[in-house]
Amino acid sequence: VQPGTAAPAPDAPLCGRVLLVEDNGVNRLVGSAMLEQLGLEVLLAEDGEQALEVLAARDVDCVLMDCQMPVLDGYAATQRWRDTERGAGRARLPIVALTANALSGDFDRCIAAGMDAY
């Protein structure tokens, strides 16, 4: 897990820290570059287990969560994080699903897992 190293553009429209959870290396590289261009600090995780470790150790403003990953998928990782939030009385962290799935039930599955957007 490494934070992004590129400096944001001087006129970047956003600020904050986002966790990008993605098992595909090319998608991580492209996604983090795009987010950094918007002015965001990017933390990376390759699977749901790593994402939970980052969330336990660092404050983030938003999570962009891949749905299908090895080790622990995005659905299960989101459910575990929601349990952690409830148990600790923490505020709800925005988690946005990243998926190429566009079937009728995919949106519902993301929301049922505790994600905020799809």
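Is it the case that Val63 is open to solvent by less than 50 Å² (accessible area, probe 1.4 Å), closer than 20 Å to Arg17 by Cβ and more than 9 Å from the chain's Cα centre (by Cα)? Judged against the criteria, Val63 is not a match.
Just checking, does region 54-68 include any residue being farther than 25 Å from Leu14 by Cβ and either without any contact (Cβ under 8 Å) to a residue 60 or more places away in the chain or small (Gly, Ala, Ser) (or both)? Yes - at least one qualifying residue is present in region 54-68.
The residue pairs whose first member lies in region 75-90 and is more than 18 Å from Asp61 (Cβ to Cβ), whose second member is surrounded by 15 or more Cβ atoms within 10 Å (Cβ to Cβ), and whose beta carbons are closer than 7 Å, counting only pairs six or more residues apart or on different chains, are Tyr75/Cys67; Tyr75/Arg109; Tyr75/Ala113; Ala76/Gly48; Gln79/Ala113; Gln79/Gly114; Arg80/Leu52.
Within region 83-108, the set of residues being surrounded by 13 or more Cβ atoms within 10 Å (Cβ to Cβ), out of contact with any Leu (no Cβ under 9 Å at 6 or more places or on another chain) and in a helix (DSSP H, G or I) comprises Asp106, Phe107.
The values are calculated or read from the model by the stated rules, or taken from the named source; none is laboratory data. In this text the structure is predicted, and so the values were computed from the model without any measurement. Note that each Cβ is placed from the backbone with ideal geometry, even for glycine, and that neighbours are counted across all protein chains shown. Accessible surface is based on the protein model in full, side chains and every heavy atom, while ligands, DNA and RNA are left aside. Shrake-Rupley method; radii C 1.70, N 1.55, O 1.52, S 1.80 Å.
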